[in-house]
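The values are calculated or read from the model by the stated rules, or taken from the named source; none is laboratory data. Keep in mind that what you see is a predicted model, and the values were worked out from it rather than measured. So basically every Cβ, Gly included, is an ideal-geometry build from the backbone, and we count neighbours across all protein chains shown.
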């Protein structure tokens with residue numbers, strides 16, 4: 001989460017608190033449960049002074065920077081969306 005928070009801060013994108021994405025491990029096999037990744041979510045907050053389209057572009061660029069940072073730090077992660 002520190003990479004994501006750093007990129008969001010550098011992009012001047014504020015966000016809500018972090019939360020674990022709710023899952024139901026009871027439907028997984030033992031093998032799937034042992035390999036299940038952690039999934040976290042935050043909600044970015046759109047500033048009132050920019051359009052929805054501009055905000056979506058900011059988020060897209062931030063997502064690309066996050067994924068590049070993870071790759072550089074050799075962190076096996078994937079940003080589903082912002």
**Report entry** Residues of the stretch 65-82 satisfying the condition of being within 13 Å of residue 13 (Cβ to Cβ) and either surrounded by fewer than 10 Cβ atoms within 10 Å (Cβ to Cβ) or at pLDDT 90 or above (or both)
**Finding:** 65, 66
Query - Number of the exception - residue 11 against (1) modelled with pLDDT of 90 or more; (2) at negative phi - result: (1)
Requested in this report: Scan the stretch 1-38 for residues that are touching a helix residue (DSSP H, G or I) at 6+ places or on another chain (Cβ under 6 Å) and loosely packed, with under 10 Cβ neighbours inside 10 Å and report the count.
Outcome: 1
